[in-house]
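See structure below.
The values are calculated or read from the model by the stated rules, or taken from the named source; none is laboratory data. This one's a predicted model, so the numbers in the text were calculated from it and none came from an experiment. Neighbour counts are summed over all protein chains in view; Cβ atoms, including those assigned to glycine, are modelled from backbone coordinates with ideal geometry.
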Amino acid sequence: MSALTAEGLNTYYGKSHILHDVSLDVAEGRITTILGRNGAGKTTTLRSLVGLTPPRSGRVSLFGTDITGWPPYRIAAAGVGYVPEGRRVFANLTVDENLRVPLERPGPYTIEHIYELFPRLRERATNLGRQLSGGEQEMLSIARAMLLNPRLLILDEPSQGLAPLIVKEVFRIVARMREEGISVLLVEQNVRMSLEISDDAHVLENGQMVYSGTAEALRGDEARIQALAGAS
Ligand code: ATP
């Protein structure tokens, strides 16, 4: 079954036509990555899916329910966790307060469980958001999305600006969520690492989907990897 499918999305910023008939599929219980050079339309695709930049045409369905045109809060309440690019943590709230802000859907991820998974956040529980390192902010961002107990987690460039060890840590957590049955849609500049962790992949070029298939097939396509990675 599909966690999410999008068909024929056309998204604009004003008069600029950014996404051209974009279709994609996120299979349940798998990690799907969207790759593409800077400006290819990856973030716009995610914003289209979560209702932040509604497409002008096309359809989106979530676990078989048509969610086309739904506002972001309703899509979140239906179980879609979204971690935007650039980690929007509340700078003047403590880590613990940041964790108590989001909508909590019932499920295995409670604040106590989150502190077990992210011991670093427990150590930093009384620190303000703005006192955290980039890696800690990313973890806090992901932790907040996990408290929604999402059925589908959408991450926009989680590795951006992080030290390699922290990137590994973040990817380890994402892989663990898949093991718990959560479907994941990941946008990444880090082409090799995201292909390593992903089951399926899509490649965007100038707002058009030019590849949809397994991550494995792309892992062997060194020329394409170079072309995608070269631009980052
Ligand atoms: P990056 O990795 O650089 O974030 P991306 O693949 O996520 O790239 P998008 O951010 O989706 O790409 O941008 C796609 C295109 O839309 C780019 O040409 C960008 O300049 C344009 N764009 C993005 N946001 C806006 C906006 N708010 N208004 C107008 N144009 C925008």
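Under the condition of being touching an Asp or Glu at 6+ places or on another chain (Cβ under 9 Å) and farther than 28 Å from GLY181 by Cα, the residues counted in segment 208-231 number 1. In summary, strands (runs of 3 or more DSSP E) completely within segment 171-232 and bearing 1 or more residues that are at pLDDT 90 or above, over 15 Å from the mean Cα position of the chain (by Cα) and of a type in the set (S, T, N, Q) occur at 208-214. Per the conditions (1) closer than 15 Å to ALA27 by Cα; (2) within 16 Å of the ligand (Cβ to nearest atom); (3) touching a helix residue (DSSP H, G or I) at 6+ places or on another chain (Cβ under 8 Å), the sole criterion not satisfied by HIS202 is (3). Can we say VAL83 is within 16 Å of the ligand (Cβ to nearest atom), β-branched (Val, Ile, Thr) and either on the phi > 0 side of the Ramachandran plot or in contact with a Phe, Trp or Tyr (Cβ under 6 Å, 6 or more places away or on another chain) (or both)? No, not satisfied.
Okay, residues lined up against (1) within 16 Å of the ligand (Cβ to nearest atom); (2) modelled with pLDDT of 95 or more:
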site: ALA3; (1), (2): no, yes
site: ALA6; (1), (2): yes, yes
site: TYR12; (1), (2): yes, yes
site: HIS17; (1), (2): yes, yes
site: ASP21; (1), (2): yes, yes
site: ALA27; (1), (2): no, yes
site: ARG30; (1), (2): no, yes
site: GLY36; (1), (2): yes, no
site: THR43; (1), (2): yes, yes
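With respect to being within 16 Å of the ligand (Cβ to nearest atom) and either small (Gly, Ala, Ser) or modelled with pLDDT under 95 (or both), GLY69 falls outside the description.
Being exposed (fewer than 14 other Cβ atoms within 10 Å of the Cβ), on the phi > 0 side of the Ramachandran plot and either among the small types (Gly, Ala, Ser) or away from the ligand (no atom under 13 Å from the Cβ) (or both) holds for only one residue in GLY207, GLY230, GLY181, GLY220, and it is GLY181. Among the residues here, PRO54 qualifies as within 15 Å of the ligand (Cβ to nearest atom) and either in contact (Cβ under 8 Å) with a residue 12 or more places away in the chain or surrounded by 15 or more Cβ atoms within 10 Å (Cβ to Cβ) (or both).
Return the residue satisfying two criteria in turn: it lies in segment 190-199 and is within 13 Å of the ligand (Cβ to nearest atom) and touching a residue at least 60 places away in the same chain (Cβ under 8 Å), and of such residues it is surrounded by the fewest Cβ atoms within 10 Å (Cβ to Cβ).
If we take residues in segment 190-199 being within 13 Å of the ligand (Cβ to nearest atom) and touching a residue at least 60 places away in the same chain (Cβ under 8 Å), then VAL191 is surrounded by the fewest Cβ atoms within 10 Å (Cβ to Cβ).
Criterion applied to GLU116, GLU136, GLU123, GLU112 was being more than 16 Å from the ligand (Cβ to nearest atom), out of contact with any Gly (no Cβ under 6 Å at 6 or more places or on another chain) and over 22 Å from VAL167 (Cα atoms), and the one residue passing it is GLU112. Checking GLY29, GLY81, GLY41 one by one, the residue that is touching a residue at least 40 places away in the same chain (Cβ under 8 Å) and surrounded by fewer than 19 Cβ atoms within 10 Å (Cβ to Cβ) is GLY29 and no other. Out of the residues in segment 131-170 meeting the condition of being part of a helix (DSSP H, G or I) and of a type in the set (Lys, Arg), tell me which one is surrounded by the fewest Cβ atoms within 10 Å (Cβ to Cβ). Ranking the qualifying residues of segment 131-170, first place goes to LYS168. Pairs meeting the criteria (first residue in segment 136-163 and on the phi > 0 side of the Ramachandran plot and touching a residue at least 24 places away in the same chain (Cβ under 8 Å), second residue hydroxyl-bearing (Ser, Thr, Tyr) and surrounded by 21 or more Cβ atoms within 10 Å (Cβ to Cβ), beta carbons under 7 Å, at least 6 apart or on different chains) are ASN149/TYR109.
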